[in-house]
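Sharing a structure with you now.
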Amino acid sequence: MTGAPLIVLVGPMGVGKSTVGQLLAERLGTGYRDTDEDIVTAQGRAIADIFVDEGEAAFRALEKEAVRSALAGHDGVLALGGGAILDPDTRALLAGQRVVYLSMDVEEAVRRTGLNAARPLLAVNPRKQWRELMEARRHLYEEVATVVVATDGRTPEEVTQAALDAVELKDV
Ligand SMILES: Nc1ncnc2c1ncn2[C@@H]1O[C@H](COP(=O)(O)OP(=O)(O)OP(=O)(O)O)[C@@H](O)[C@H]1O
Ligand SMILES: O=C(O)C1=C[C@@H](O)[C@@H](O)[C@H](O)C1
Ligand SMILES: [Mg+2]
């Protein structure tokens, strides 16, 4: 498959990119792809292991390439890793794409992700780390977003419908 994705999903860890992304893909009759999964498949290692073995900078370099490649090679629904928008070149590539920012407040974030060793950025004091992470990133998510869809208090199906309404794409 080639061409720009129908929808690019951005947002923090655990906001529902995979869950909603797959529901959106079903509704739109298209495929779902996830850059975190692309990296894990290509590297044959978990993301937490890449962070531990080589550090965050090495992961970000792999991520930048994975996003560039997926934006050019996938025409369905594409979910980006939560930190992909930190890269200025990636943000530039997202200009002109249909980007949905799935948002949630910090309390919802702590509830959904909890203490999870598979999320290396939240290993210690998740509430404080969430607050700092969102303070640093919120404006970047907003910068790349075509639309913002709040997920707090909504089921994945409700979020999916809200995203479809917001981007004015009809399911088939
Ligand atoms: N709207 C929602 N309401 C409540 N829980 C949700 C909602 N969407 C997703 N979840 C739950 O939150 C958790 C994280 O969802 P999901 O894996 O889809 O997020 P993600 O953004 O893809 O996270 P990751 O950073 O792991 O890629 C899952 O347990 C999922 O079932
Ligand atoms: O928010 C982040 O920086 C990350 C989010 C995940 O999707 C993974 O890409 C990784 O755990 C880093
Ligand atoms: Mg996911």
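The values are calculated or read from the model by the stated rules, or taken from the named source; none is laboratory data. Predicted model only: the values in this text are computed from it and were never measured. Note that we place each Cβ from the backbone using ideal geometry, even for glycine, and neighbour counts take in every protein chain shown.
Among the residues of the range 79-102, write down those that are within 14 Å of ligand 1 (Cβ to nearest atom) and farther than 12 Å from LEU140 by Cα.
Result: ALA79, LEU80, GLY81, VAL100, LEU102.
Is there a residue being within 12 Å of ligand 2 (Cβ to nearest atom) and either among the basic types (Lys, Arg) or closer than 22 Å to ASP152 by Cα (or both) anywhere in the range 39-51?
No, the range 39-51 contains no residue that is within 12 Å of ligand 2 (Cβ to nearest atom) and either among the basic types (Lys, Arg) or closer than 22 Å to ASP152 by Cα (or both).
Quick grid of which residues meet (1) under 13 Å from the mean Cα position of the chain (by Cα); (2) without any contact (Cβ under 8 Å) to a residue 60 or more places away in the chain:
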{"residue": "ILE47", "(1), (2)": "no, no"}
{"residue": "PHE51", "(1), (2)": "no, no"}
{"residue": "GLU54", "(1), (2)": "no, yes"}
{"residue": "ALA57", "(1), (2)": "no, yes"}
{"residue": "ARG68", "(1), (2)": "no, yes"}
{"residue": "HIS74", "(1), (2)": "no, no"}
{"residue": "ALA84", "(1), (2)": "yes, no"}
{"residue": "ASP87", "(1), (2)": "no, yes"}
{"residue": "LEU93", "(1), (2)": "no, yes"}
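Looking at the range 1-27 only, could you name the residues that are of a type in the set (A, V, I, L, M) and either modelled with pLDDT of 95 or more or within 10 Å of ligand 3 (Cβ to nearest atom) (or both)?
Result: LEU6, ILE7, VAL8, LEU9, VAL10, MET13, VAL15, VAL20, LEU23, LEU24, ALA25.
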